[in-house]
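The structure that follows is given in the form of structure tokens.
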């Protein structure tokens, strides 16, 4: 492990019970990936990867498809179960693992019950939110009670893409993580911005995955259409001339955090840093859904990306994560 070890904000775990329940409820092929792709996670292998890659700490979360498979009571029980497992791993390996707790959305009542348990009892570092929950995106007014509570707590909310309604046609027959995950991330962040949700809940510190996906390419177009149509959801000045007030799309995007999981290349980094300053960038491995050797190659690729003068990406992203998560040196 390096002296200035990375902090991985995009790291996943699974349990045998969780995989069994997901398969029984229609996710035998997770988001269109082969059934064999379900990762069997274990602490020892993850720690070995971390030591080899120079990762000091990994914040564990549950990936897509999340915990809700149609039954609220079952989702509440499953979210509680995986959160207890994550908290136990964190306790047993202090300083090496953190936790973003799962919520049983779209069950609003269940989520509001799980939030205090996750933060006050399990001492979670934040929550993971799927980009949509049975079709509910972040700007949906039905999610407001949950977002209001996360805002009150000043919570970190790690966004993770999942399959959307109609993915059978949209994904063109390919596994959804390849292309569609990037677009569903864009959908929920666009909804977050254009509904005024990001402005309404400024205390939530959102982490956008995969270097923002296609968002850097959409910023100017979104602002153009926002200017043409007038702002949405009460963010106009009350006049009928279509003038907008409040932060621009670019300003709101610049206020989010972005992990670098996936394919960190010079091309992608140039696009991302066109909309956000370096103090908002975080490291992510996407292990264990990204396989061991792939995760090592992606980390090595990040080391090869041209960094800012006087900074390596390792130092930069680690310092950013420490500030975001309130970690001591």
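Only the coordinates and a few stated rules stand behind these numbers; no lab work does. Remember, predicted model here, so these are calculated numbers, not experimental data. Because the Cβ atoms are built from the backbone with ideal geometry, glycine has one as well, and the counts that use them run over all protein chains shown.
Taking other Cβ within 10 Å of each residue's Cβ, how do 50, 130, 178 sort, fewest first?
The fewest-first ordering by Cβ neighbours comes to 178, 50, 130.
How large is Rg over Rh for the chain, taking Rg from the Cα atoms and Rh as the Kirkwood inverse mean of 1/r across Cα pairs?
Result: Rg/Rh = 0.95.
I need the P(r) histogram for the stretch 1-128: all alpha carbon pairs, bin width 10 Å from 0 out to the longest distance, whole percents.
Result returned by the calculation: 13, 42, 33, 11, 1.
Where the centre of each part is set by its Cα atoms, how far does the stretch 131-145 sit from the stretch 1-67, in angstrom?
Cα centres, the stretch 131-145 to the stretch 1-67: 25 Å.
Taking Cα pairs under 8 Å and at least six residues apart, what relative contact order does the chain come out at, in percent?
18
So, by mean Cβ neighbours within 10 angstrom, what's the order for 97-109, 34-46, 208-220 with the highest one leading?
The most tightly packed comes first, giving 97-109, 208-220, 34-46.
Also, I was wondering about something else. Gaussian network model of the chain, Cα springs within a sub-10 Å range: biggest mean-square fluctuation belongs to which of 114, 180, 52?
Of 114, 180, 52, the most mobile in the Gaussian network model is 52.
For the stretch 256-329, what does the relative contact order come out to in percent, with C-alpha contacts under 8 Å and a separation of six or more?
36
Let me ask you something else. Compute the convex hull volume of the Cα atoms of the stretch 120-228, divide it by the residue count, and report the result per residue in Å³ as a whole number.
About 122 Å³ per residue, rounded to a whole number.
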